[in-house]
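Report on one structure; see the data block that follows.
The values are calculated or read from the model by the stated rules, or taken from the named source; none is laboratory data. All values reported here derive from a predicted model rather than from experimental measurement. Every residue, glycine among them, receives a Cβ derived from its backbone with ideal geometry; neighbour counts consider all protein chains shown. Ligands, DNA and RNA are stripped out before the accessible areas are found, and what is left, the full protein with its side chains, is counted by its heavy atoms. Shrake-Rupley method; radii C 1.70, N 1.55, O 1.52, S 1.80 Å.
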Amino acid sequence: MKPAPFTYHAPTSLDEALGLLAATPDARVLAGGQSLVPRMRARIEKPAVVIDLNRVAGLDGLAVDGGAVTAGAMVRQQTLVEDDAVFAAHPLIRRAGSHAGFATTRHRGTIGGSIAFAAPWAELSATTITLGATITVRSASGERRIAAGDFFLGPHETALQAGELVTEVHFPAAAAGTGFGFAETSPRYRDYATAAASASITVAGGTVADARLTLLRAAPAPLQVDVASILGGRAVDEAAIADVVGALADLDPPSDIEASGRHRARLARTLTARALADAWEAAA
């Protein structure tokens, strides 16, 4: 199928893009197009106006400073995955980001587009939460910063308000002694994740000083699990992991044509154990 007719704009500055979005707040924004374009071709989405950000200057900057990573919204996913300085600062970005589609789609897909689209299976969404990222959004009336943990509200639903664009994602430097783990399963190679777990563990004095866990497809939005209260002050051994897995007994993921909620809950527990074990090994 072909997309329904629409008006196309290709602004060259952020102010121009924000002005267009303010004038037509129901317009769809085109970044990498790896999600929006197929949905338009299938007429799942039929926007009257499309605003293409690919010619907007200043949205593709990438900087690593003191272990902190700041990525403009139009930074391509593959750029994040391949960048050695980003990997040295936050290995999780490469480990999780390499599961995002194929290299071909990652060369077009952007970090801002992935976050704003908020697909339930988006690995970069889980990564931003696990790493405590801050998402900067702009509108014609101003700018605000949103903690990644507060940004994702449900499938394709975010804290973005009418007229706002994601412009930047900031990942703070990881504490010394922090290790990361990521585990995912999908029905076919590089298909959408059936379930995934993203974890970080900070070790001090041989025990856990801090821990984070984010699950994908275990709830309508990326699910933050309070594992610090379970693992704090402990070594991450089989008993500790079993305690975390036990705390996930009441998971109730949604079912769909790909998998039942019961199956996803089992996968979430298995992947949690793997991600935590990997994070502990990397940190210890």
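Here are a few things to note about the model shown:
- Every residue from the stretch 216-254 that is part of a strand (DSSP E or B) and surrounded by fewer than 20 Cβ atoms within 10 Å (Cβ to Cβ): GLN224, GLY232
Residue-by-condition table, conditions (1) open to solvent by less than 30 Å² (accessible area, probe 1.4 Å); (2) in contact with a strand residue (DSSP E or B) (Cβ under 6 Å, 6 or more places away or on another chain); (3) farther than 22 Å from THR136 by Cβ:
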position: LYS2; (1), (2), (3): no, no, yes
position: PHE6; (1), (2), (3): no, yes, yes
position: ALA22; (1), (2), (3): no, no, no
position: ALA27; (1), (2), (3): yes, yes, no
position: ILE44; (1), (2), (3): no, no, yes
position: VAL56; (1), (2), (3): yes, no, no
position: GLY61; (1), (2), (3): no, yes, no
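- In the stretch 29-42, residue nearest to GLU143 (Cα to Cα) [restricted to those that are assigned to a loop (DSSP other than H, G, I, E, B) and touching a strand residue (DSSP E or B) at 6+ places or on another chain (Cβ under 8 Å)]: ALA31
- Condition check for ALA173: within 26 Å of ILE115 (Cα to Cα), open to solvent by 40 Å² or more (accessible area, probe 1.4 Å), part of a loop (DSSP other than H, G, I, E, B) and touching a helix residue (DSSP H, G or I) at 6+ places or on another chain (Cβ under 8 Å): yes
- Of the residues making up the stretch 100-152, those that are assigned to a strand (DSSP E or B) and either free of Cβ contacts under 8 Å to residues at least 60 places away in the same chain or small (Gly, Ala, Ser) (or both) are THR134, ILE135, THR136, VAL137, SER139, GLY142, GLU143, ARG144, ARG145, ILE146, ALA147.
- The sole residue among ALA68, ALA89, ALA96 that is open to solvent by less than 40 Å² (accessible area, probe 1.4 Å), of a type in the set (Gly, Ala, Ser), in contact (Cβ under 8 Å) with a residue 24 or more places away in the chain and in contact with an Asp or Glu (Cβ under 6 Å, 6 or more places away or on another chain) is ALA96.
- Residue selection: ALA209 fails the criterion of being modelled with pLDDT under 95, of a type in the set (A, V, I, L, M), touching a Ser or Thr at 6+ places or on another chain (Cβ under 8 Å) and surrounded by 15 or more Cβ atoms within 10 Å (Cβ to Cβ).
- Selection within the stretch 99-120: residues that are β-branched (Val, Ile, Thr) and open to solvent by 20 Å² or more (accessible area, probe 1.4 Å). The member of this set that is farthest from ALA133 (Cα to Cα) is THR104.
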